[in-house]
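Okay, structure first, notes after.
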Amino acid sequence: MKNPEKPLWETLLKPFFQTFLIDDAELARLSEMIDWEAGRSRFGQADFQYPEYYQTQNFHGIEGGYLTKTAALTYDPITRYVLPPNEDWVRQALIDRIGGQPRRILDLGCGTGSMTLMLKKRFSEATVCGLDLSPEMLTIANYKAQQAGLNIDWRQGKAEKTPFVPHSFDLITIALLFHELPPVISQAVLKECFRLLIPGGQILVLDGNQKSLRQSDWLTNIFEEPYIQDYAQESVDAWLGNAQFEAVQSDDVWWVHQVSQGMKPTPIRESNFSTLENRNEIFVPAI
Ligand SMILES: C[S@@+](CC[C@H](N)C(=O)[O-])C[C@H]1O[C@@H](n2cnc3c(N)ncnc32)[C@H](O)[C@@H]1O
């Protein structure tokens, strides 16, 4: 494991967050309003096999990682401070890059649903689904959606191997997930996205800026993120290309974030290539 024994996060920043930035009484009130048992039985499948890379890590220094109430309750209050200059602006950078009017949207690794709720608010007519491994994170996401009066389909599942049939979605979003995965899994997730999107469908990935992260080892050590240094060495653009997406592009967002995008190629009429005979009705995939 690349995390230092006692990261700065554990020794200094976590106590600072807990003392000054997280309102414990508020979190206790929120926790009491949530029916955790109902959440676990609704979103936690009895025989679900959690991946090794997920279950064995203490993300953000929390014992048990995302499979805990503590992780789910503290995620939103902490995220507010770790997406400079402003969480909503950073998330809006992804929303602003959506082309057209998607009707079926999937948000992979949706966590507490902050991005998923923004998608549903922006495209109220669309069917929106949020998928995550953690029943606790999904329980909070579901609570937030109910409070906002938004109808969202929350599912427990692995982003790299979902239960959906091919061509199920027009748009897939992935926010703040890839820096928490081994790169080989992120690439498997993109291949799964290619399978799930309709031809012409769009993929959008919001995450830490790989160029900036490469130049700031000290920063990647702080937050006890087990895979972030591996993520920083790679290229989401290259991964998208390898997964056969076209029109691949990444934009820097406030220097420390990036939004990457790609499109699943649309079929090309074979008749476009043929001058010999009329094959207008025959379609061949562009790949
Ligand atoms: C940093 S959070 C991001 C949450 C959310 N997308 C956001 O923008 O705030 C990462 C989330 O990914 C989930 N996750 C990690 N690996 C996953 C996988 N293989 N499949 C689905 N979800 C995963 C975790 O449970 C966690 O909720």
Query - Two-site FRET efficiency, Asn86 against Gln233, from Cβ-Cβ distance with R₀ of 25 Å, rounded to 0.05 - result: 0.35
Report summary line: XL table Lys144/Lys211; Lys144/Lys191; Lys120/Lys211; Lys120/Lys161; Cα-Cα > 26 Å flagged, in table order, is Lys144/Lys211; Lys144/Lys191; Lys120/Lys211
Query raised in the report: Put +1 on the Cβ of each Lys and Arg and -1 on the Cβ of each Asp and Glu in region 87-126; which of Met118, Gln92, Leu106 then has its Cα farthest toward the positive end of the dipole?
Result: Leu106
Requested in this report: Just grab the label-to-label distance for Lys211 and Glu246, each label 7 Å out from Cα along the Cβ direction, in nm (one decimal).
Outcome: 2.6
Query raised in the report: At what distance in nm do the modelled label points of Thr56 and Glu26 sit from each other, each positioned 7 Å from its Cα along Cα→Cβ?
Result: 3.7
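To check you understand DSSP bridge types, tell me what percent of the beta bridges within region 24-178 (both residues inside) are antiparallel, rounded to 5.
5
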Query raised in the report: Cross-link partners among aspartates and glutamates for Lys69, C-alpha distance below 16 Å, same-chain residues fewer than 8 apart left out?
Result: Asp23, Asp24, Glu26, Glu32, Asp35, Glu37, Asp132, Glu136
Query - Bridge type composition, region 111-207 - antiparallel percent by DSSP, nearest 5 - result: 10
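Every number here is computed from the coordinates shown, using simple stated rules; none is lab data. Since this is a predicted model, take the numbers as computed values, not measurements. Reconstructed Cβ throughout: ideal geometry from the backbone, glycine too, with neighbour counts over all protein chains shown.
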